[in-house]
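Data first, discussion second: the structure below is written as structure tokens.
Taken together, the values in this text are just the output of simple stated rules run on the coordinates, not laboratory data. Computed from a predicted structure; not experimentally measured. So basically every Cβ, Gly included, is an ideal-geometry build from the backbone, and we count neighbours across all protein chains shown.
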Amino acid sequence: AFVEMDSLPWLALAAALPVGLLACALLVINNLRDIPTDTLSGKRTLAVILGDPRTRTLYAGCVLAPFAVAVAMAPARPLALLAFAALPLALAPVRMVRHGATGPALIGALGMTGRLQLAFGALLTIGLAIRL
């Protein structure tokens, strides 16, 4: 269907939110790892400004909020809930970050977050593409 340039369907906006949040999660975890060196060099990243504990909370929110968005889309597109099949991929990196992982452990969590983003995006796309 043709979409006018001056309007954006709510479903398109809703679908963009989890994708963007997971992309932000990748940036947040990378900046979390760099807080000590960024602080020493005078860089003012969001992670430096928020500090370690709040950045860890921000990461968890960016990883878990996409699942809430999928629930919000479910009344219009029930198969959006297929994205929940990716939830197990979210648990390990959130647990690692929330329990204070640093250095190389955060690199592992970064990789896990990338896999989560891929799986969530693919599942959400399939769920939105199939109409019941």
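General observations
- The chain: relative contact order in percent, alpha carbon pairs under 8 Å with at least 6 residues between: 30
- Descending principal axes extents, the chain, alpha-carbon based, whole Å: 52, 35, 18
- Label point 7 Å beyond Cα of residue 54 along Cβ direction - residues of the stretch 77-109 with amide nitrogen under 20 Å: 97-101
- Couplings 3J(HN,Hα) for the stretch 120-125, derived from phi with the Karplus relation 6.51 cos²θ - 1.76 cosθ + 1.60 (θ = phi - 60°), are 4, x, 5, 5, 5, 4 Hz, where x marks Gly and Pro.
- Computed from Cα atoms, the angle from the helix 87-98 axis to the main principal axis of the chain rounds to 20 degrees.
- Counting only alpha carbon atoms, the long axis of helix 52-73 and the longest principal axis of the chain meet at about 10°.
- Each residue of the stretch 19-33 was assigned a 3J(HN,Hα) from its phi angle through the Karplus expression (A = 6.51, B = -1.76, C = 1.60, θ = phi - 60°), giving 5, x, 5, 6, 5, 5, 4, 4, 5, 5, 5, 5, 5, 4, 4 Hz with x at Gly and Pro.
- Two-site FRET efficiency, residue 105 against residue 71, from Cβ-Cβ distance with R₀ of 35 Å, rounded to 0.05: 0.70
- P(r) of the stretch 46-116 over all Cα-Cα pairs, binned every 5 Å from zero, in whole percent: 3, 16, 23, 22, 15, 10, 6, 3, 0
- Sequence-ordered 3J(HN,Hα) estimates for the stretch 108-117 from the Karplus curve with 6.51, -1.76 and 1.60 and θ = phi - 60° stand at x, 5, 4, x, 5, 5, x, 5, 4, 4 Hz, glycine and proline given as x.
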